[in-house]
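The values are calculated or read from the model by the stated rules, or taken from the named source; none is laboratory data. On a predicted model such as this, the values are computed, not experimentally measured, just so you know. Cβ atoms come from the backbone with ideal geometry, glycine included; neighbour counts cover every protein chain shown. Protein only, heavy atoms only, side chains kept; ligands, DNA and RNA dropped before computing areas. Shrake-Rupley method; radii C 1.70, N 1.55, O 1.52, S 1.80 Å.
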Amino acid sequence: MKKTAAPFLFLFLVSFFAKAQHTMPPVYEIKSDSAYWNEIDSKHWQVLEDKEGTITVARVTQLFAGDKFHFISTGIDTTVNTYWFVYKIKNVLNRESHVSLNSMCEKDDFYVKHQNGTWQHFSSGYKQSWSKKDGLKKADCIPQILQPGEELIVFQRTHNKKAGLPPYFQIAIVNTEQALLNTYVSTLDTNPVLFPVEMMMEVFYGGMLMIVF
């Protein structure tokens, strides 16, 4: 389920970005969305270390405009638990692109600025409480539908109990349809759900076998 940021946050962010002078990292172009996994390489995103883990999205946009984000090639502080990333994705296909923002950390928050100026907030992560998770909860990803030529700006906040980024960490987008098939449909195929009557029959026969033995 998508969540819309508070109206005052909308107004703040929209007016702020109108004044922001910081140059975005190069846009990552979605030229094909047929593959399940598409890594957004590090030249297309920047990072900011959140040493206290208390930076808000309103504050992080100020820091972004103040050139506090940097490319990972300049080094990264591995003693912190929380990081902010910023990147832009664009659909250059001549059709809709159905992709999902991917979470690879214990807790992720995605603040997405759409081309029409609206913002949305989504939560995910494999240790995020189920009630707080959005999108495909079991797959830990957030579906997005991009029209031809549409761009998104994403501020992604990651948090892990262990300091530093996980060794397997990547920023990536995944094919939404394949995420559904791999995480939900395949699971049902290999672990069929029993109907209540079937479950009752299993319990009944199990009890009978216990009596016999």
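The table for this structure:
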read-out: Residue that is nearest to the chain's Cα centre (by Cα) [pool: residues in segment 39-52 that are of a type outside the set (Ser, Thr, Tyr) and open to solvent by 30 Å² or more (accessible area, probe 1.4 Å)]; value: GLU39
read-out: Residue count for segment 7-35, restricted to those that are closer than 26 Å to ALA139 by Cα and either at pLDDT below 95 or more than 18 Å from the chain's Cα centre (by Cα) (or both); value: 5
read-out: Complete set of residues in segment 156-173 that are more than 10 Å from the chain's Cα centre (by Cα) and either modelled with pLDDT under 95 or not basic (Lys, Arg) (or both); value: HIS159, ASN160, ALA163, GLY164, LEU165, PRO166, PRO167, TYR168, PHE169, GLN170
read-out: The listed residue being outside any loop (DSSP other than H, G, I, E, B), touching a residue at least 12 places away in the same chain (Cβ under 8 Å) and in contact with a Pro (Cβ under 7 Å, 6 or more places away or on another chain), out of GLN62, GLN46; value: GLN46
read-out: Inter-residue pairs, beta-carbon under 7 Å, first without any contact (Cβ under 8 Å) to a residue 24 or more places away in the chain and in segment 139-151, second open to solvent by 10 Å² or more (accessible area, probe 1.4 Å), 6+ apart; value: none
read-out: Residue in segment 91-102 that is farthest from ILE40 (Cα to Cα), counting only those that are open to solvent by 10 Å² or more (accessible area, probe 1.4 Å) and within 16 Å of the chain's Cα centre (by Cα); value: HIS98
read-out: Sole residue being of a type in the set (Ser, Thr, Tyr), exposed (fewer than 14 other Cβ atoms within 10 Å of the Cβ) and closer than 30 Å to ALA179 by Cβ, chosen from THR61, THR78; value: THR78
read-out: Selection status of TYR28, open to solvent by less than 10 Å² (accessible area, probe 1.4 Å), of a type in the set (Ser, Thr, Tyr) and in contact with a strand residue (DSSP E or B) (Cβ under 6 Å, 6 or more places away or on another chain); value: no
read-out: Enumeration of residues in segment 26-43 that are outside any loop (DSSP other than H, G, I, E, B) and not small (Gly, Ala, Ser); value: TYR28, GLU29, ILE30, TRP37, ASN38, GLU39, LYS43
read-out: Selection within segment 136-176 - open to solvent by 30 Å² or more (accessible area, probe 1.4 Å) and at positive phi; value: GLY149
read-out: Given (1) part of a loop (DSSP other than H, G, I, E, B); (2) over 30 Å from THR176 (Cα atoms); (3) open to solvent by 20 Å² or more (accessible area, probe 1.4 Å), index of the condition THR23 fails; value: (2)
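Here's the yes/no breakdown for (1) out of contact with any His (no Cβ under 9 Å at 6 or more places or on another chain); (2) modelled with pLDDT of 95 or more; (3) of a type outside the set (S, T, N, Q); (4) assigned to a strand (DSSP E or B):
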site: VAL80; (1), (2), (3), (4): yes, yes, yes, no
site: TYR83; (1), (2), (3), (4): no, yes, yes, yes
site: LYS88; (1), (2), (3), (4): no, yes, yes, yes
site: LEU101; (1), (2), (3), (4): yes, yes, yes, yes
site: ASP109; (1), (2), (3), (4): no, yes, yes, yes
site: VAL112; (1), (2), (3), (4): no, yes, yes, yes
site: GLN115; (1), (2), (3), (4): yes, no, no, no
site: GLN120; (1), (2), (3), (4): no, yes, no, yes
